[in-house]
Amino acid sequence: MAAGNNKAREAPLLDWHSEFQDSALEELHRRTMLAQDAQQLCYALWAISGIFFAFTLADFALLGAGSEFLALLAIRTFVALCCMALALAVKLQPALAHRRMPVNLAYFVGITGLLFTIPLHPGTDGLHIATMVVATTTIYLLVPNRLLWILVWNAYLAIGFAVVLGFSSYLSPGMLASGLLLLGFANLLGWVTLTRLNRLQRRQFALLLEEQDNNRKLQSEIDERRLLEQQLRFLASTDHLTGIANRRHFFELAARELNRTKREDTPLAICMVDIDLFKELNDHHGHAVGDLVLATVATCCASVLRDTDIIGRYGGEEFIIALPGSDVATATVIAERLRAKVATLSLPMLGETPMLSVTVGVSLVAEEEMTLEPAMLRADEALYEGKAQGRNRVVVADAPSSHAAIEA
Ligand SMILES: Nc1nc2c(ncn2[C@@H]2O[C@H](COP(=O)(O)OP(=O)(O)OP(=O)(O)O)[C@@H](O)[C@H]2O)c(=O)[nH]1
């Protein structure tokens, strides 16, 4: 079943010469392979030029230093130099490896040079046939090129071989037939091998692309989930109306600070902040304006605090603040600054004289207290004492049962 699926997926992918039917995909594959092809072409050209030129020694041994040897030397030198020049050019500019002109020119020079060596080598029939077989295999497997061009150049090699032999007529008909059969077999072998290699390469490339695509999708899903988690965490910890910490999150943060201040033996002050006569404001201007005022006062309170201070919505129109590292005096200064800033808030929707104010109760977590509740209770009592005294003021709870008020 799985094999069937693979076949179905692979069938429309490649054309008869083992390239992607999708030309954009084929182009992408060729671009990906460029560096590797350029390197392989360089190595192949160096090897071809070296081996082709090295045959000069065999030529000399066969022919001596006569005119035929000099002609062969000239051909071998020219072909070797052409191959080396292209190898250098490709090394400097790898893009040349995929250009039609340079590679095919090298094929033309190499194959023509090889064909010219045949009539200059009388009586070495077996060697000619072997050379043609090796050349055919080299064209298929050593020099990277598109299958179509490879077939063209092998046809040129085979036809050229037959023509040259026909003119020079050194081969017996039996030898010629054997040579052409061997050449045909080398072509078949090269074609099948190259086709398999091409198909394998492209199948791997397609799988790689599929994997990259899956990875991308997976990554974007992970990112989406992370964002969602962040949003959920934000929603779960933030009061939606005011944007400050909700009651639960405030207590989480404040408990952590309480532990820290206990460990480091530093003070922790608590402020309870309540908007004055908020019911009247609500009744007079409506609930929507009341909401807006709540959010504005929360932002105003947060703006007078340090980053290390914690503010949360305690409930209704009441806020709670924890001031780590602040003693009563510092907390009172901060609370007073907060009260004064709220009193100067300008809210056009409340009319000319808005009369917006808050009352603040301040307390300090006592050394022996291991939770926030007693200090909160004292701050709350101080706050209600401030309300009773006429509102718009800061009241400090300096002892569980006695409060000192600071007139606004
Ligand atoms: N707009 C709005 N109003 C709220 C919200 N939560 C509580 N309230 C209102 O806040 C008002 C609080 O009124 P009270 O507790 O009587 O206090 P107050 O009018 O501020 O009077 P003092 O505290 O004595 O100055 C109530 O009318 C609540 O309905 C809210 O989220 N939005």
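No value in this document is a laboratory result; all are computed from the given coordinates. Because the structure is predicted, anything quoted here is derived from the model rather than measured. All Cβ positions, even for glycine, are placed from backbone atoms using ideal geometry, and neighbour counts span all protein chains on display.
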Next item on the list: Pull up the cross-link candidates among the aspartates and glutamates for residue 341, meaning alpha carbon to alpha carbon under 20 Å and not fewer than 8 places away within one chain.
Entry: 274, 276, 291, 307, 309, 317, 318, 352, 407
Item checked: Residue-averaged [θ]222 nm for the chain, counting only DSSP H segments that reach four residues, each worth -39500 (n - 2.57) -> -23500 deg cm²/dmol
Notebook entry, point to check: Which percent of the Cα-Cα distances in the chain go past 40 Å?
Noted result: 55 percent
Check: Once the piece of chain linking residue 142 and residue 260 is laid out straight, how much longer is it, given 0.36 nm per residue of separation minus the C-alpha distance between them?
Finding: 35.3 nm
Note to self: Under the rule a/c < 1.5 gives rounded, and otherwise a/b versus b/c splits prolate from oblate, where does the stretch 63-188 land using the Cα gyration tensor?
What the structure shows: oblate
Item checked: Longest exposed-site-free window of the chain, the sites being trypsin sites (Lys or Arg not before Pro) in a DSSP loop that have at most 13 other C-beta atoms within 10 Å -> 100-305
Checklist line | Order of 118, 320 - criterion: other Cβ atoms within 10 Å of each residue's Cβ, fewest first | finding: 118, 320
Next item on the list: Taking DSSP loops as anything outside H, G, I, E and B, show the longest stretch in the chain free of GluC sites (Glu not before Pro) there with at most 12 other beta carbons within 10 Å.
Entry: 1-351
Check: Averaged over all directions, how much area does the convex hull of the C-alpha atoms of the stretch 2-215 cover when projected, in nm²?
Finding: 13.9 nm²
Check: Residues with amide H under 5 Å of residue 394's amide H, sequence separation 5 or more or different chain, H placed in the peptide plane at 1.01 Å from N; which?
Finding: 360, 406, 408
Check: In nm, what is the difference between 0.36 nm times the number of residues separating residue 47 and residue 241 and their Cα-Cα distance?
Finding: 62.1 nm
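What's the FRET efficiency of residue 340 with residue 230 using the Cβ-Cβ distance as r and R₀ = 30 Å, to the nearest 0.05?
About 0.25, to the nearest 0.05.
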Next item on the list: Just subtract the alpha-carbon distance of residue 100 and residue 216 from 0.36 nm times their residue separation and send over the number in nm, one decimal.
Entry: 38.3 nm
Check: Simple spin-label model, 7 Å along Cα-to-Cβ: residue 384 to residue 112 in nm?
Finding: 10.9 nm
